[in-house]
Amino acid sequence: MRSTGYVQLSGLGLDSWQCLSYNVYIVYYVYYVYKAAIVTPTRRERIREATFEEITATARKLIAEHGAAALSLRAIARAMGMTAPGLYRYYPSRDDLVTALIKDAFESFTRHLETARDELPDADHIGRFKAVCLAYFRWAMLNPSRYELSFGSPVPGYQMPEAAYAASRKGFLVLQNLIEKARSAGRIHPPAVLSALSPTLFSRYEALRGLGMPGDPLVTHIALASWSTMHGVTALVLYGHLGGFLADQVESFVYQQIEQMVGLFGME
């Protein structure tokens, strides 16, 4: 008899429909057992994942208390009650841990910008621009140590790898893409002084475009100018250089800066 690949049940007195139904049941049962075995993590996997989370949480706490320069695997191991060699099973070096922390921070930052953008309709180009700029500032205020690690003082001796650079660009691309859409919709009419880019700067922006950065040179210039403004005002606030002047009006000042950018860049 030719094998069909199904369980042979005819000898049990079952008709063909019952045989087919039973075989279908077996197929689904095997599938769900197999799926559960893949999806459901083992106890060892859960413990390992929990340890990863504890390491990163401890590292963030140390950075918040002592600064990024004080970060070391030995300090983290000591705070967790582990041995340093035990920690190396999770992160081979301090730089591997720093890279993981930076990537995680930039991913959180990008999600925050995207959430602020998506709370407004697609057609509200200027509202989205303002929301993303304000979200930049607010994320830094909520996550000062993560902001410092990502945008501020570098960890001594650390060289950021390409994987971290890729994560760092995503937030900027959120801003640049919405500026590109606003310009395509005819909502940006920059003054002549802004449009007259120097030949060398224009060439550099064209080179970036050739490397895959979206938008023409003017869009890139507006995006970089906006990004630089938000970075500058955020750093001044975060490091305590504006609080004495502004007291409880810090965020009002930041929002005013965003409104001024809208006017400066000819957004409407």
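For region 75-192, what class follows from the C-alpha gyration tensor (a ≥ b ≥ c being the square roots of its eigenvalues): rounded when a/c is under 1.5, otherwise prolate if a/b is larger than b/c, else oblate?
Values: a/c = 3.20, a/b = 2.65, b/c = 1.21.
Prolate shape, in that a/c is at least 1.5 and a/b is the bigger ratio.
Based on Cβ point charges of +1 for Lys and Arg and -1 for Asp and Glu, what charge dipole magnitude is obtained for region 93-264 about its Cα centre, in debye rounded to the nearest 20?
Dipole about the Cα centre, nearest 20: 240 debye.
Placing +1 on the Cβ of each Lys and Arg and -1 on the Cβ of each Asp and Glu in region 123-268, which of Gly232, Asn143, Ser168 has its Cα farthest towards the positive end of the resulting dipole?
The Cα lying farthest towards the positive end belongs to Ser168.
Based on the Cα coordinates of region 93-264, what is the per residue volume of their convex hull in Å³?
Convex hull of Cα atoms, per residue: 132 Å³.
Please report, in debye to the nearest 20, how large the charge dipole of region 121-199 is about its Cα centre when each Lys and Arg carries +1 at its beta carbon and each Asp and Glu carries -1 there.
With Lys and Arg at +1 and Asp and Glu at -1, about 160 debye.
Since every read-out is calculated from the coordinates, none of them should be taken as a lab result. Just so you know, these numbers come straight off a predicted model, no measurement behind them. FYI the Cβ positions are ideal-geometry reconstructions off the backbone, even for glycines, and counts take in every protein chain you see.
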